[in-house]
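Take a look at the structure set out below.
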Amino acid sequence: MAPVIKDSRELEIMRQAGRIAAEALYRVGEMVRPGISTLELDREAERIIRSRGATCEFNGYHGFPANVCASRNEEVVHGIPNEDTILEEGDIIGIDVGARYQGYVGDNARTFAVGSISAECQDLLAATELCLTLAIETIGPGVKVWEVSRAVQEQAEIGGYGIVREYAGHGIGARMHEDPQVPNYVDSGPKGGSVTLRPGMVICVEPMLNIGTAEVRVLPDNWTVVTRDGKPSAHFEHMIAITGDGAEVLTRYSSEETAVG
Ligand code: MG
């Protein structure tokens, strides 16, 4: 299917959906500390999202049984929040939040340090976020999707990280996953990378980097994706609108912004 072009009304709603998802992610990030369970993080995200008049997009999505994804250490993505998963000093925890507001979806993710973490994990987090930043800098009208993918891949390879290939960024709008796919590497085949970005398209870019092998597998819960070698993995994601002359990140939030309630 061709990517959906959003009009200004839709973009304004997506701005609000993105802001709600970003606020929930930010607030949950502030709660991350040793001793907290991933279920507590899930509940707080749900509370914030609902208080803003939105719903938790992940809950029930293909049967997903929670409000956010919480993926710790060797878990790459799609970890299921759980009262028995208690964060410990030195862990890293990836949180992915999706909110649906007035018919449109906001989606973003970030990996947080739990207390003080190893230098190796600090580097992983910084590298993954840098991949996302550099990818966003390439985005604008007339740019091919593969150019965005290449920005992620080149930076990841500088650090020698494994790039997860089974999961990718995506177009987003009234549905969480729309065309085009936005892979984190440049594929040799004629896949989604040939799509040209145009004003009004909205995409999610979400690099997933592993300290070791790029290979992953899915746990018997049928959701949690883990690295095959058990080494840590990080995941950062923003939702970005293509504008007339560049890009607008729709999922930024910081404590300096006015918080209501
Ligand atoms: Mg996504």
What are the ³J(HN,Hα) couplings of region 122-133, residue after residue, when phi is run through the Karplus curve with 6.51, -1.76, 1.60 and θ = phi - 60°? Round to Hz, x for glycine and proline. 4, 5, 4, 5, 5, 5, 5, 5, 5, 4, 5, 4
Length-normalised contact order of region 102-229, Cα under 8 Å, at least 6 apart, in percent, tallies to 27
Principal axes of region 2-88: Cα extent on each, largest first, Å: 45, 27, 20
If each of ASN222 and GLN122 carries a label point 7 Å out from its Cα toward its Cβ, how far apart are those two points in nm? 4.2
So if I restrict to the alpha-carbon atoms in region 1-41, what is the Rg, and what is Dmax, the biggest pairwise distance, in Å? 15.8, 46
Can you pull the percent of Cα pairs in region 8-249 with separation above 22 Å? 50
So what J values fall out for region 48-64 if you push phi through Karplus, 6.51 cos²θ - 1.76 cosθ + 1.60 with θ = phi - 60°, rounded to Hz, Gly and Pro as x? 5, 4, 5, 5, 9, x, 10, 10, 7, 5, 6, 5, x, 5, 6, x, 4
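Each reported figure results from applying straightforward, stated rules to the coordinates on display, with no laboratory input. Here the structure is a predicted model, which means the values were calculated and not measured. As a convention, Cβ positions derive from the backbone with ideal geometry for all residues, glycine included, and neighbour counts pool all protein chains shown.
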